[in-house]
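Structure first, then comments.
Please treat every number below as a calculation from the coordinates, not as lab data. Owing to the predicted nature of the structure, the values given are computational and were not obtained by experimental measurement. Because the Cβ atoms are built from the backbone with ideal geometry, glycine has one as well, and the counts that use them run over all protein chains shown.
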Amino acid sequence: MAEDLAKRNGLQKDVVQTQNFAITAYHSFKDNKQPLRIYIEGDGLAYRSRSKPSKDPTPRDPVVLKLMIVDNYTNKAYLARPCHYSQQDLLSACSVKNWTTERFSPVIIRSMNEAVSKLKEQNGARDIELIGFSGGGAVAVLIAALRDDVKSIRTVAGNLDHAAFTKHHDVTPLDGSLNPVDVASRIAHIPQIHFSGQNDTVVPLSIAESYLHNLHNKNCIKIQTVPHVTHGRGWSEVWNVLLDIPFALCIGPHEKPSIVDNNLANR
């Protein structure tokens with residue numbers, strides 16, 4: 001589905017070879033004077049049921065690819081996650097842990113960061129913007145903590161505290177995975193908007209709030225609830241409206257910006 005969607009919309013396909021994985025990418029490089037905006041895919045089909053992992057985590061619905069396609073920005077790329085869209089890696093490089101309990105492991109995050117660096121080098125941009133959906137939001141935050149060229153972060157239904165997430169759903173903890181909440185203070189200076197669907201029962205608002213509550217300095221961060229949107233449905237219809245929402249001004253440490261804005265219905 002992703003490849004057909006990309007072809008129909010004039011995107012170039014790449015397979016970015018990292019030390020551990022071959023990661024699928026699609027891009028439209030037209031103006032490298034702008035930061036490279038990188039969209040990071042969600043977890044895909046990690047499990048068939050609450051306790052049974054899938055044999056192939058490739059997304060059945062590439063949500064963040066659809067967001068990239070409707071975005072009119074002229075310097076953008078999409079990154080799948082390790083083991084997505086790659087039968088060869090599934091046979092040789094991947095293990096089930098790579099998309100289940102260790103989906104945010106140091107090896108996975110290093111590989112994604114390496115892929116980001118290679119795309120940036122290929123593009124020639126000076127800086128990057130990161131956008132991640134669901135587990136891709138976790139990856140975006142964890143990558144940002146490793147870099148000094150990230151201008152902004154947006155997450156869409158982002159799993160920003162996987163310990164809170166697994167506790168909320170009473171499912172297997174992601175042992176072996178890094179947790180975005182643990183690096184939140186390290187990237188608190190980066191402008192961030194974390195979008196939460198009002199009707200999202202997969203990654204509810206409480207997960208983003210848990211991330212926020214672990215920050216002493218909240219001045220660069222917004223949490224934005226989006227009406228009538230579930231975890232995977234309704235985002236592309238409102239995405240360009242959401243992209244127009246300004247980042248926080250990163251005001252002084254003794255001032256408090258509005259963190260939660262529920263007024264999107266009036267936009």
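Could you name the aspartates and glutamates in cross-link range of Lys55, using Cα to Cα under 17 Å and dropping any fewer than eight places away on the same chain?
Answer for Lys55, where 17 Å is the Cα cut-off: Asp43, Asp89, Glu102, listed by chain and number.
Want the number for Leu205 to Arg110: 0.36 nm per residue separation, take away the alpha-carbon distance, what's left?
The Leu205-Arg110 span can extend by a further 31.4 nm.
How many nm is it between the label spots at Ser49 and Arg233, if each spot is 7 Å from the Cα in line with the beta carbon?
So the two model labels end up 2.4 nm from each other.
Before rounding to the nearest 500, sum -39500 (n - 2.57) across all DSSP H runs of length at least 4 in the chain and divide by the residue total; then give [θ] at 222 nm in deg cm²/dmol. Display every interim value, and only then the final one.
Details: 8 runs with 75 residues, N = 267.
Calculated at 222 nm, the ellipticity per residue is -8000 deg cm²/dmol.
State the label only: which of [x] 62, 59, 28; [y] 53, 45, 33; [z] 54, 43, 43 corresponds to Cα extents along the principal axes in Å computed from the shown model?
[y]
If the limit is 23 Å between Cα atoms, which of Lys97/Lys151; Lys151/Lys222; Lys13/Lys151; Lys52/Lys76 go over it? Please report the intermediate quantities before stating the final value.
Details: Lys97/Lys151 31 Å; Lys151/Lys222 15 Å; Lys13/Lys151 25 Å; Lys52/Lys76 35 Å.
Pairs exceeding 23 Å: Lys97/Lys151; Lys13/Lys151; Lys52/Lys76.
Most mobile of Ile131, Ile245, Ile193 per a Gaussian network model of the chain (Cα springs, under 10 Å)?
Maximum fluctuation in the GNM of the chain, among the listed residues, is at Ile245.
Using DSSP, restrict attention to beta bridges with both residues in the range 46-195 and report what percent are antiparallel, rounded to the nearest 5.
On the way: 1 of 11 bridges.
Among the beta bridges of the range 46-195, antiparallel pairing accounts for roughly 10 percent.
Let me check I've understood the local charge: for Asn214, count other residues with C-beta under 14 angstrom from its C-beta, Lys and Arg +1, Asp and Glu -1. What total comes out?
Values: positive: Arg186, Lys218; negative: Asp161, Asp182, Glu209.
Local charge sum for Asn214: -1.
Could you tell me the relative contact order of the chain? Use alpha-carbon pairs under 8 Å, at least six residues apart, and round to a whole percent. Can you show the working numbers first?
On the way: 577 pairs, mean separation 42.7, N = 267.
Across the chain, relative contact order equals 16 percent.
Kindly state, to the nearest 0.05, the FRET efficiency for Leu249 paired with Glu121, given R0 = 35 Å and r defined as their beta-carbon distance. Don't jump to the answer; show the numbers that get you there.
Details: r = 31 Å, r/R0 = 0.90.
So, using R0 = 35 Å, E works out to roughly 0.65.
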